[in-house]
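The values are calculated or read from the model by the stated rules, or taken from the named source; none is laboratory data. The model shown is predicted, which means the values in this text are computed figures rather than measured ones. Every residue, glycine as well, gets a Cβ built from its backbone with ideal geometry; the counts of neighbours run over all protein chains shown. These accessible areas exclude ligands, DNA and RNA; they are computed on the full protein's heavy atoms, side chains included. Shrake-Rupley method; radii C 1.70, N 1.55, O 1.52, S 1.80 Å.
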Amino acid sequence: MPTTATLTHTAALARFGHALADPTRTRVLLALREAPASPSELADAFAVSRQVMSNHLACLRGCGLVEAVPDGRRTWYRLADPHLAPAFDELLRVVLRVEPDCCDGETCAC
């Protein structure tokens, strides 16, 4: 039986959608489902500046999707909830039918 959606659920899913709306944030989340990473590793992996990565990680923290784990002079980021990795795996299995006139890669306006 499906869980009844509350306003809290609705707000959480809206934050989730906001986080996934940016391709770099989506790539970060998918990378963190594999293993924790430092901001510099993520910035290098996705060819963005450390400042840009810092902004993305701040957004993801604010959305409640990642958490920072201090480790001496370094900080590692990981998914905030162990349920997220299998949820992402399930989302990757979903096949969406995209209307050809609606989306064109990065310029999707749907």
**Request:** Could you please put V52, V66 in sequence from largest to smallest accessible area, using a 1.4 Å probe?
**Result:** V52, V66
**Asked** With θ set to phi - 60° and the Karplus curve 6.51 cos²θ - 1.76 cosθ + 1.60, what are the ³J(HN,Hα) couplings of the stretch 36-42 in order, to the nearest whole Hz, using x for Gly and Pro?
**Response** x, 8, 8, x, 5, 4, 5
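Please report, as a whole percent, how much of the solvent-accessible surface of the chain comes from carbon and sulfur atoms (probe radius 1.4 Å).
57
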**Request:** Could you state the accessible area per residue of the stretch 26-66 in Å², with a 1.4 Å probe and every protein chain left in place?
**Result:** 47
**Asked** R0 = 30 Å: FRET efficiency of R50 with H83, Cβ-based, nearest 0.05?
**Response** 0.55
